[in-house]
Amino acid sequence: MKALIRGVWHSRVIDRDAYGRARAEQPENLFRDWVSADPKARFPAAPGRYHLYVSYACPFAHRTILYRRLLGLEKVLPVSVLHPRWGGPGGWTFTPDPAFPEATVDHAGGHQALWQIYVKARGDYTGKVTVPLLWDRREQTIVSDESADIMRMLDLGFAAFAESGRSFYPARLRDEIDALGGMIRRRVNGGVYRAGFAADQQAYDRALADFYAALDSLEEQLADG
């Protein structure tokens with residue numbers, strides 16, 4: 001496991017107990033703020049103020065890329081794309097590569113790795129380093145690293161700037177969307193990770209069975225129109 005412990009990057013966490021203790025000292029729900037349409041909010045929506053960090057290798061990041069495109073926010077919310085291979089000692093890195101032409105430099109801060117952005121936001125941060133990540137260039141901090149919240153912000157907070165003029169999160173369907181999104185996150189997106197990182201064959205089989213059961217459930221819903 002790669003992670004930061006009290007602001008120090010570890011390409012391989014050996015002492016899991018030390019990691020757990022440091023995590024316990026940290027506030028819960030860190031980096032779960034909100035960009036709002038309210039101009040008086042701490043994080044008011046504004047063109048060019050925020051920056052989105054993604055990797056095409058991450059399904060959670062990928063859905064924010066799609067959502068940004070569907071809403072027509074490309075001119076409002078710039079993006080930097082991390083290299084899809086994160087297995088090296090630096091984890092997620094900004095490494096332009098002819099083999100992956102979509103990978104870019106850090107257009108907002110010139111960093112070499114994503115963990116450096118976490119440390120810039122909170123010097124003693126302990127935790128994993130993940131995409132997507134929504135960065136506030138004015139306050140120089142992370143607004144959120146939760147993909148579902150970022151999608152809601154793009155739809156609700158940035159509505160005035162969306163060229164499409166569309167909403168994919170209408171009030172009358174929000175409860176249903178949230179429930180379905182939670183299931184997809186736990187059993188489809190999460191199922192892929194549980195299978196991929198399974199420690200033994202039994203864990204792999206359980207993860208795969210639940211993953212396909214979730215796909216069957218979604219197929220039934222799609223068949224109903």
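The values are calculated or read from the model by the stated rules, or taken from the named source; none is laboratory data. All values derive from a computational prediction rather than experimental measurement. Here the Cβ is made from the backbone with ideal geometry for all residues, glycine too, and neighbour counts use every protein chain on show.
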Subset of region 60-84 that is part of a loop (DSSP other than H, G, I, E, B) and over 16 Å from the mean Cα position of the chain (by Cα) - its residue that is nearest to ASP149 (Cα to Cα): LEU73
Any idea which residue in region 134-160 is surrounded by the fewest Cβ atoms within 10 Å (Cβ to Cβ), counting only those that are of a type in the set (S, T, N, Q) and under 11 Å from ASP33 (Cα atoms)? THR141
For region 1-15, what are the residues that are touching a helix residue (DSSP H, G or I) at 6+ places or on another chain (Cβ under 6 Å), among the hydrophobic types (A, V, I, L, M, F, W, C) and in a loop (DSSP other than H, G, I, E, B)? VAL13
Considering only region 57-77, how many residues are within 24 Å of VAL119 (Cβ to Cβ) and either of a type in the set (Gly, Ala, Ser) or surrounded by fewer than 17 Cβ atoms within 10 Å (Cβ to Cβ) (or both)? 2
For ASP124, indicate whether it is assigned by TED's automatic domain parsing to the domain that holds ALA45, at pLDDT 95 or above, surrounded by fewer than 14 Cβ atoms within 10 Å (Cβ to Cβ) and acidic (Asp, Glu). yes
Test LEU52 against the criterion of being closer than 30 Å to ALA103 by Cβ, assigned by TED's automatic domain parsing to the domain that holds ILE117, assigned to a loop (DSSP other than H, G, I, E, B) and aliphatic (A, V, I, L, M), and give yes or no. no
